[in-house]
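Derivation of every value follows stated rules applied to the coordinates shown; laboratory data play no part. The structure displayed is predicted, hence computed values, not measured ones. Positions of Cβ are generated from backbone atoms using ideal geometry, with glycine treated the same way; all protein chains shown enter the neighbour counts.
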Amino acid sequence: MAITSKDLQRLFDLIAENIAAHRDHLCELDRAIGDGDHGLAMDAGCEAAAKAVAALDPGQAAPTAAFNAAAKAFLNAVGASSGPLYATAFMRAGAAVKDRPDLRDEEFVRAFAAMAAGIQERGKAEPGQKTMVDAWKPAADAALDALASGASLKQCFGLAERAALQGCEATRDMTAAKGRASRLGDRVIGHIDPGAASAAIIIASFTRFIHHHDS
């Protein structure tokens, strides 16, 4: 069953809802190794993105338009830190499915993988540096590998969610090479990266969306 712009409205609503539910926890994680506002920033960005996508006429707007609207709204709501990263992610997703009126399974996975690639390239980060890339890259790799092996969309995103959670948890034992946390040296060991934690929530939202869409 193809994924339409109307479906993407539900996806962005779900992401915003799940980030809002974990806002305080994300701030708590960020207080340990950052400035404590990651949950607030992600909540503002995801809410703005969901509202922007909801404002589109799904009968007229292609999936690319939905991703581009989300990118612009997220960046306007969150100017620093995660703002440019997620704006790039959504723009890359839109570019990956340009001119498509709706998305088949392969196209949706490729849009998801394009998000991860955009975040990694914009942030100039590699896995192991205690960033959101530690959740996004293994999730995208898992989804692409599953797709290539003939797995269903549910299976692709189930594996992506598991990989993201494992990647997020692995940041607990890392030192940070990027951002404010990098100044703290070994003091960040024992703390989960808040960006990886919010990434895992977003990726879990994709999985939940697919389960509802395909049921």
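Which value, in debye to the nearest 20, describes the size of the charge dipole of the chain about its Cα centre when Lys and Arg Cβ atoms bear +1, Asp and Glu Cβ atoms bear -1, and nothing else is charged? Mind dumping the intermediate values first?
Values: 23 positive and 27 negative charges, 79 e Å.
So the magnitude is around 380 debye.
Normalised by the residues of the chain, what does the relative contact order come to in percent, with Cα pairs under 8 Å and at least six apart?
22 percent
Just name one of Ala89, Ala20, Ala197: the one whose Cα is farthest towards the positive end of the charge dipole of the chain (beta-carbon charges, Lys/Arg +1, Asp/Glu -1).
Going by the charge dipole, the pick is Ala89.
Measure up Lys6/Lys154; Lys98/Lys124; Lys6/Lys72 against 22 Å on the Cα-Cα distance and list the ones that go over.
Where the Cα-Cα span goes over 22 Å, the pairs concerned are Lys98/Lys124.
How would you rank 136-143, 166-173, highest first, on the average number of other Cβ atoms within 10 Å across their residues?
136-143, 166-173
May I ask you to evaluate 6.51 cos²θ - 1.76 cosθ + 1.60, the Karplus curve with θ = phi - 60°, for each residue of segment 62-78 and list the ³J(HN,Hα) values in order in whole Hz, giving x for glycine and proline?
Residue by residue, segment 62-78 yields 7, x, 4, 5, 5, 5, 5, 5, 5, 4, 5, 5, 4, 5, 5, 7, 10 Hz.
Quote the Stokes-Einstein diffusion coefficient, in whole µm² s⁻¹, for the chain, based on the Kirkwood radius over alpha carbon pairs, a temperature of 25 °C and a viscosity of 0.890 mPa s.
Taking Rh from Cα pairs, D becomes 146 µm²/s.
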